[in-house]
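Just so it is clear, none of the values below were taken in a lab; they were calculated from the coordinates. Remember, it's a predicted structure, so these values are computed and weren't measured experimentally. So basically every Cβ, Gly included, is an ideal-geometry build from the backbone, and we count neighbours across all protein chains shown.
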Amino acid sequence: MIDHMRPFVAKIVHDLLWERKIIIKDERSRLVDEQMIKWADKIIIAADNVPLGAFPAEKVEIWEIKDASEHKVDEVLISMAHIDREVQKLAGRIKV
């Protein structure tokens with residue numbers, strides 16, 4: 001999906017990721033196509049503006065993460081911490 005309302009990463013998020021040594025090389029939105037959906041084992045939705053019917057239900061996992069105002073660093077940090085916890089749980093479930 002392309003988010004026409006937010007075709008870039010908010011500066012505060014960019015800066016906070018930079019502090020963690022996470023560098024965003026290309027922040028442009030990309031269209032998710034049928035080939036990408038077929039390729040994916042799991043599709044993580046961490047936003048409240050994604051139409052759930054757009055993806056096969058058996059592949060979808062929804063992370064209930066509250067939207068943060070890009071003008072409030074404390075809200076962004078809370079959302080980042082929530083995403084970190086969800087990633088850790090997902091990593092614990094993955095079998096290699």
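Which residue, chosen from 57, 87, 14, occupies the Cα position most advanced towards the positive end of the dipole of the range 11-93, where the dipole is computed from +1 (Lys, Arg) and -1 (Asp, Glu) charges on Cβ about the Cα centre?
Of the candidates, 87 comes out farthest on the positive side.
Would you kindly state how much longer the chain becomes between residue 37 and residue 77 on full extension, computed as 0.36 nm times their sequence separation minus their alpha carbon distance, in nm to one decimal?
Once the chain is fully extended between residue 37 and residue 77, it gains 11.4 nm.
Which longest uninterrupted range of the chain lacks any trypsin sites (Lys or Arg not before Pro) assigned by DSSP to a loop state (not H, G, I, E or B) and surrounded by at most 13 other Cβ atoms within 10 Å?
43-65
Take residue 84 and residue 66, extend 7 Å from each Cα along the Cα→Cβ direction, and tell me the distance between the two endpoints in nm.
According to this spin-label approximation, the distance is 1.8 nm.
Determine the sum of side-chain charges near residue 45: Lys and Arg each +1, Asp and Glu each -1, restricted to other residues whose C-beta is under 10 angstrom from that of residue 45.
So the environment of residue 45 carries a net charge of -3.
Test of the criteria: in the range 1-89, which GluC sites (Glu not before Pro) are in a DSSP loop and have at most 16 other Cβ atoms within 10 angstrom of their Cβ?
Listed in order of number, the matching sites are 27, 64, 70.
Would you kindly give the portion of the calculated P(r) for the chain that falls above 23 Å, as a percent of all Cα pairs?
Everything past 23 Å amounts to 33 percent.
Treat every Asp and Glu Cβ in the range 18-67 as -1 and every Lys and Arg Cβ as +1, leave all other atoms uncharged, and give the resulting dipole magnitude about the Cα centre to the nearest 20 debye.
Dipole size: approximately 240 debye.
Rounded to the nearest 500 deg cm²/dmol, what is the calculated helix-only ellipticity per residue at 222 nm for the chain, with -39500 (n - 2.57) per DSSP H run of length n ≥ 4?
Computed ellipticity for the chain at 222 nm equals -11500 deg cm²/dmol.
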